[in-house]
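Student: Encoded as structure tokens, here's the structure I'll be asking about.
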Amino acid sequence: MLHNASAQLPIHLAQLLFEMANTGVSDMHLEAQDQHYLVRERLLGKLQQREVIAKHVGEQWVAALKNAAGADVTQRRVAQDGRFKLLHGQLVLDCRFNVLPTLWGEKIVLRLFNQQDQALPLSQLGLLPNQYQQVSQALAASQGLVLVTGPTGSGKTRSLYAMLEHINHPSINISTVEDPIEIPLLGINQTAVRDNGLMRFADCLRALLRQDPDVIMVGEIRDAETAQMTVQAAQTGHLVLATLHASNAMAALIRLQQLGVTHAQVAGALSLLINQRLVTIGQKRAGVFDVNLVDEQAQHVLLSSPTSPDYWQRTAELLKPVYIAP
């Protein structure tokens, strides 16, 4: 359980973080410059300057944030990670912390997660009617891998939350492994990965498989061990939902192979492949989705040898995005 670090931060910094969270900011950057510090924020997917603060004030903020995140305040020459939470009234703000030494001093990036956010219904994600039907079909299956890909900040985890809410029922044992838990979901067993190295994604996933799960959500496939366990779980009677950083569906298949997952394993486990991006329309963000249901034809293509001359061409044609509902 993360402790409340609100009292450890300067008042202006704490207020700034709460203001950012209330306006939908996803990341805060605190950047050392020659004579001052820059505070920038990522809003609607774009990074923009928020304010400029004096050098000594920025250094105080760096020390306070390092202390709140449990980082070594005396160590200024290595990157460090951490996490803390802030409480203000009903607002619970989960902050994921990273500090990196730069030319003029240390730079901190905070990923902000407002735990008061609510998961969107699947029908409100922005899926086209035929895409919604494909996703619903995959979620109704008793096993298989639903893989959501896209760049950082594209809303992959939110999409998985919507899917989990869509199938959440007292008769189904749903468990998740996340880093961090962005939105608490009633009726779903959510486990946060720990920074101490004793509860990695693979460790949590291994434990969950002994918890009689029906559905498992893996917040992110980061390494070969997690990739292998995720695929094996999807082939042995579990519906598995997971995310993977990849720019498109083709890149996701290549990334899985780089992580040691064979093309035969992909063909046997993958039931749905979604690639998503966020686009800005006025002052709002909207999701754009490529949805690929892996049917028998797709499995036949994926089972062919990746070394064959036309494998990737046939796969690319298979995963060609369609944006207009039939």
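Student: Please work out which option in (i) 23.1; (ii) 18.3; (iii) 17.3 gives mean projected area of the Cα convex hull in nm² calculated from these coordinates, and answer with its label.
Tutor: Of the labelled values, this structure produces (ii).
Student: Quick one: dipole size for the chain, taken about the Cα centre, charges +1 on Lys/Arg Cβ and -1 on Asp/Glu Cβ, in debye to the nearest 20.
Tutor: Approximately 500 debye in magnitude.
Student: Take S142, project a point 7 Å from its Cα along the Cβ direction, then tell me which residues of the stretch 171-195 have their backbone nitrogen under 16 Å from it.
Tutor: 171-173
Student: In whole angstrom, note down how far apart the Cα centers of the stretch 153-229 and the stretch 72-88 are.
Tutor: 25 Å
Student: Something else: Using θ = phi - 60° and the Karplus relation 6.51 cos²θ - 1.76 cosθ + 1.60, list the HN-Hα couplings for the stretch 77-83 in order, rounded to whole Hz, with x at every Gly or Pro.
Tutor: Calculated HN-Hα couplings, in order: 10, 9, 6, 9, 10, x, 7 Hz.
Student: About the Cα centre, and with charges only on the beta carbon of Lys, Arg (+1) and Asp, Glu (-1), how big is the dipole of the stretch 1-144? Nearest 20 debye, please.
Tutor: Approximately 160 debye in magnitude.
Student: Tell me the accessible surface of E182 in square angstrom (1.4 angstrom probe, heavy atoms of protein chains only), to the nearest ten.
Tutor: Looks like 30 Å² after rounding.
Student: Restricting to the chain, what percent of DSSP beta bridges are antiparallel, rounded to 5? Walk me through the numbers before you get to the answer.
Tutor: On the way: 47 of 72 bridges.
Restricted to the chain, the bridges split so that about 65 percent are antiparallel.
Student: Of D81, D34, which has the most accessible area and how do the rest follow, probe 1.4 Å?
Tutor: Greatest to least solvent exposure: D81, D34.
Student: Could I ask something else about it? Indicate, rounded to the nearest 5 percent, the antiparallel portion of the DSSP beta bridges found entirely in the stretch 163-291. The partial results should precede the final answer.
Tutor: Working: 8 of 20 bridges.
Percent antiparallel among DSSP bridges in the stretch 163-291 is about 40.
Student: Also, I was wondering about something else. Do the alpha carbons of any pairs in K85/K107; K107/K156; K55/K107 sit beyond 22 Å of each other, and which pairs?
Tutor: In this structure, K107/K156 lie more than 22 Å apart at Cα.
Student: Within the chain, which DSSP H helices have Cα atoms that stretch 30 Å or more along the helix axis and a mean Kyte-Doolittle hydropathy of at least 1.0?
Tutor: On the way: long enough: none.
Long hydrophobic helices here: none detected.
Student: Rounded to the nearest 0.05, what FRET efficiency do L91 and R206 have when you use their Cβ-Cβ distance and R0 = 51 Å?
Tutor: Efficiency, from the Cβ-Cβ distance: 0.90.
Student: Students often get this wrong: which residues of the stretch 99-134 have the backbone nitrogen under 17 Å from the point 7 angstrom along Cα-to-C-beta of A286?
Tutor: Answer for this model: 123-132.
Student: Let me ask something else about it. Name the residue from H56, L239, Y161 whose Cα lies farthest towards the positive end of the charge dipole of the chain, charges +1 on Cβ of Lys and Arg and -1 on Cβ of Asp and Glu.
Tutor: So the residue furthest toward the plus end is H56.
Student: Please report, as a whole percent, how much of the solvent-accessible surface of the chain comes from carbon and sulfur atoms (probe radius 1.4 Å).
Tutor: Of the solvent-accessible surface of the chain, carbon and sulfur hold 52 percent.
Student: So, one more: To the nearest 10 square angstrom, how much accessible area does H56 have with a 1.4 angstrom probe?
Tutor: 110 Å²
Student: What FRET efficiency, computed as 1/(1 + (r/R0)^6) with R0 = 41 Å and r the Cβ-Cβ distance, is obtained for L38 and W312, rounded to the nearest 0.05?
Tutor: Plugging the Cβ-Cβ distance into 1/(1 + (r/R0)^6) gives 0.45.
Student: Could you give the accessible area per residue of the stretch 71-196, probe 1.4 Å, as a whole number in Å²?
Tutor: 48 Å²
Student: How large is the accessible surface of F18 in square angstrom, using a 1.4 angstrom probe and rounding to the nearest 10?
Tutor: In the full protein context, F18 sits at about 20 Å².
Student: So what is the 222 nm mean residue ellipticity for the chain from helices alone, if each DSSP H run of at least 4 adds -39500 (n - 2.57) and you divide by all residues, rounding to the nearest 500 deg cm²/dmol? Numbers along the way, then the final one.
Tutor: Details: 10 runs with 102 residues, N = 326.
The helix contribution divided over the chain gives -9000 deg cm²/dmol.
The values are calculated or read from the model by the stated rules, or taken from the named source; none is laboratory data. These numbers come from a predicted model, not from an experiment. Cβ: placed from backbone, ideal geometry, glycine included. Neighbour counts: every protein chain shown. Protein only, heavy atoms only, side chains kept; ligands, DNA and RNA dropped before computing areas. Shrake-Rupley method; radii C 1.70, N 1.55, O 1.52, S 1.80 Å.
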